Amino acid sequence: MSDNKVQIFDTTLRDGEQVPGCKLNTEQKVIIAEQLDILGVDVIEAGFPVSSPGDFRSVEEISKIVKNATVCGLTRSVENDIKVAAEALKYAKKPRIHTGIGTSDSHITHKFKSNREAIIERAVKAVSLAKTYVEDVEFYAEDAGRTDNDYLARICEAAIKAGATVLNIPDTTGYCLPSEYGAKIKYLKENVKGIEKAILSCHCHNDLGLATANSIEGVINGARQIECTINGIGERAGNTALEEVVMILKQHPYLNLDTNINTQMLYGISQLVSDRMGIYTQPNKAIVGANAFAHSSGIHQDGVIKNRETYEIIDPKDVGVTASAIVLTARSGRAALAYRAKNVGYELTKLQLDEVYKNFLDFADKKKEVDDNDIHQIIESCKLYKEIISA
């Protein structure tokens, strides 16, 4: 793999589906998986096969239809989990088993009632068993964000010796600051023997709103896989948003990091996932929100009309949005009104525009947003209406 290539590991169908109330059936998962494959993701985490017969079937059916991406199944460090995952992945062209265990003192003490050495033994046993079924094995160190770096390096080294090809370093609780997470990845790059045999992967949660920032800091410091979801959906406050990390890397070429994602599909697949899962995407969501390329402030509207780049760093077409939106509200100026009026057939002179703008402000103060039909009504009520339509 090229050193500047960042693999995109999509877990919309596994971690993303853990959002309460958004359970997908197998048919819906297959539809989304097909689109993820076309989108260009490198890995599709299709589910947690041992968790239910439905999840097993979904992983199995997705394995049959995915043509390009690696198909991944999640397991715990439990023998039966791994065997069931291997069975579910038997049709995959490129199968991966994703196995691991909690590594923070909190998880070791309270969740497993164990000790550090025993956890390393379990990790090695799980990776070794997974390796007998598939060549591509990813090891996750759950709660790595709160795991002591020296111990984390030890368990990662043991996982590589057992055959792990990818090391997942999750900030499971979304606790880390970007500087802390980046330093953790850098520490592992510099202190794990055999690290050149494995890819470091970022899996960040958004509890403090830092998932995207942490993932970017991770790849700047040497990670070469980002685990993410469409629209940033996931447990609690969600996961790293695929569309955000992809566009950050695209818009900052000096980082010399890129992906295989067809960015013009981002808005469409965002809508597909939102529709199938029944999850409303916030209007101000970066990249794919309804307002991501909408302008209602008069100052902003004037700038965008003159030159889009004054207030937009991304061309809407690059993410599959047809065009920027000039939204008419009481905060809009004359330039926006003239622009929208022209779009519905009125070429207004400066004098006409001044007159129409008075009516517009009266109308806009009574209505949150002025649409095209309203523009006709505003102009028709203007005393210069006959002059305007005869022009």
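Things worth noting here:
- Any hit, segment 231-253, residues being at pLDDT below 95 and closer than 24 Å to K368 by Cα: no
- For segment 162-184, the condition holds for no residue, the condition being that it is modelled with pLDDT of 95 or more, among the β-branched types (V, I, T) and either out of contact with any strand residue (DSSP E or B) (no Cβ under 8 Å at 6 or more places or on another chain) or assigned to a helix (DSSP H, G or I) (or both).
- Residue ID - nearest to G278 (Cα to Cα), chosen from residues in segment 11-30 that are part of a loop (DSSP other than H, G, I, E, B) and under 15 Å from the mean Cα position of the chain (by Cα): V19
- Residue check, G303 part of a loop (DSSP other than H, G, I, E, B) and surrounded by fewer than 19 Cβ atoms within 10 Å (Cβ to Cβ): no
- Segment 335-360: number of residues that are open to solvent by 30 Å² or more (accessible area, probe 1.4 Å), farther than 21 Å from V304 by Cα and not charged (D, E, K, R): 2
- Selection count, segment 214-270, where residues are closer than 14 Å to I287 by Cβ and acidic (D, E): 2
- Enumeration of residues in segment 1-39 that are of a type outside the set (S, T, Y), within 27 Å of E196 (Cα to Cα) and surrounded by fewer than 17 Cβ atoms within 10 Å (Cβ to Cβ): M1, D3, N4, K5
- The condition (being under 31 Å from the mean Cα position of the chain (by Cα) and at pLDDT below 95) is satisfied by just one residue among A330, A323: A323.
The values are calculated or read from the model by the stated rules, or taken from the named source; none is laboratory data. A quick note: this is a predicted structure, and the numbers were derived from the prediction, not measured. Note that we place each Cβ from the backbone using ideal geometry, even for glycine, and neighbour counts take in every protein chain shown. Accessible surface is based on the protein model in full, side chains and every heavy atom, while ligands, DNA and RNA are left aside. Shrake-Rupley method; radii C 1.70, N 1.55, O 1.52, S 1.80 Å.
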